[in-house]
1. Look at segment B:26-56 and say how many of its residues are charged (D, E, K, R) and in contact (Cβ under 8 Å) with a residue 60 or more places away in the chain.
2. Just a yes or no: is a residue in segment A:65-73 away from chain B (no Cβ under 14 Å), within 18 Å of A:THR28 (Cα to Cα), out of contact with any Cys (no Cβ under 6 Å at 6 or more places or on another chain) and of a type in the set (Lys, Arg)?
3. How many residues are in contact with a strand residue (DSSP E or B) (Cβ under 9 Å, 6 or more places away or on another chain) and part of a loop (DSSP other than H, G, I, E, B) if we restrict to segment B:68-92?
4. Just to verify a result, which residue in segment A:74-88, among those that are more than 14 Å from chain B (Cβ to nearest Cβ) and in contact (Cβ under 8 Å) with a residue 60 or more places away in the chain, is surrounded by the most Cβ atoms within 10 Å (Cβ to Cβ)?
5. Test of understanding: among A:SER30, A:SER26, which residue is more than 14 Å from chain B (Cβ to nearest Cβ) and small (Gly, Ala, Ser)?
6. Looking at this structure, is B:LYS64 of a type in the set (Lys, Arg), over 19 Å from B:PRO8 (Cα atoms) and facing chain A (nearest Cβ under 9 Å)?
7. Among all residue pairs at least 6 apart or on different chains, which show Cβ distances below 7 Å where the first residue, located in segment B:57-69, is more than 12 Å from B:LYS20 (Cα to Cα) and the second is at pLDDT below 95 and in a loop (DSSP other than H, G, I, E, B)?
Amino acid sequence: GQQVMQIPQYQHVQEGEDFTTYCNSSTTLSNIQWYKQRPGGHPVFLIQLVKSGEVKKQKRLTFQFGEAKKNSSLHITATQTTDVGTYFCAGHFDTGRRALTFGSGTRLQVQP
Amino acid sequence: GAVVSQHPSWVICKSGTSVKIECRSLDFQATTMFWYRQFPKQSLMLMATSNEGSKATYEQGVEKDKFLINHASLTLSTLTVTSAHPEDSSFYICSARVYRASEQYFGPGTRLTVT
């Protein structure tokens, strides 16, 4: 079936270190979205990437969409304690299915 | 903008009873709403997709007679867990999407505990 995998499952970093989570799809995606879920909270939309090879930045966050539109990454530069949470990628497959398929998520813990 | 509310935020019920969870888009009209289930430290599992005025589309393995979904208006969808059992205890989250947009706005979730 169509799946979206994320690695790592969990990462613990010291404040100030960089962090990257990777998202891989079994088939081509029409778009990829990233969400952040704080502990005890609900997912919050961060960004959407649509074009092959697209790169977008939001302050310390850099999002990339692979050339083949089957993988994506989120990189956080100089993490802060406010970055703590679980980061999910989610994509729409080219099949036209309206629902998003969520990745397994990467839980980030930042040590002050 | 794009605020989604859920009610109740948490509920405890006895086994065999039914529980209704409401999902409302407060400042926009949501043509499509989604219901997810999330277990601790796990990803979101899509249960069903609902469009206003039509029957919900359930994901494989989700019992539609057990999880009744009604999308009565462009701002309200409800999920009713019928004859709840302890294994139905979970975090249920709804999300809403505006027509022709692809990003989803999530409600705060409802934590259901069945005793």
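The values are calculated or read from the model by the stated rules, or taken from the named source; none is laboratory data. Note that the structure is predicted; figures quoted are calculated from it, not measured. Quick reminder, even Gly has a Cβ in these numbers, built from the backbone with ideal geometry, and neighbours come from all protein chains shown.
1. 0
2. Yes, there is a match, as at least one residue in segment A:65-73 is away from chain B (no Cβ under 14 Å), within 18 Å of A:THR28 (Cα to Cα), out of contact with any Cys (no Cβ under 6 Å at 6 or more places or on another chain) and of a type in the set (Lys, Arg).
3. So the answer is 6.
4. A:THR79
5. Exactly one residue qualifies, and that residue is A:SER26.
6. Against the criterion (of a type in the set (Lys, Arg), over 19 Å from B:PRO8 (Cα atoms) and facing chain A (nearest Cβ under 9 Å)), B:LYS64 does not qualify.
7. B:TYR58/B:LYS64
Residues are listed down the side, and each one gets a yes or a no for (1) within 30 Å of B:MET47 (Cβ to Cβ); (2) buried (at least 19 other Cβ atoms within 10 Å of the Cβ); (3) under 14 Å from the mean Cα position of the chain (by Cα):
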{"residue": "A:LEU49", "(1), (2), (3)": "yes, yes, yes"}
{"residue": "A:SER52", "(1), (2), (3)": "no, no, no"}
{"residue": "A:ALA90", "(1), (2), (3)": "yes, yes, yes"}
{"residue": "A:ARG98", "(1), (2), (3)": "yes, no, no"}
{"residue": "A:VAL110", "(1), (2), (3)": "no, yes, no"}
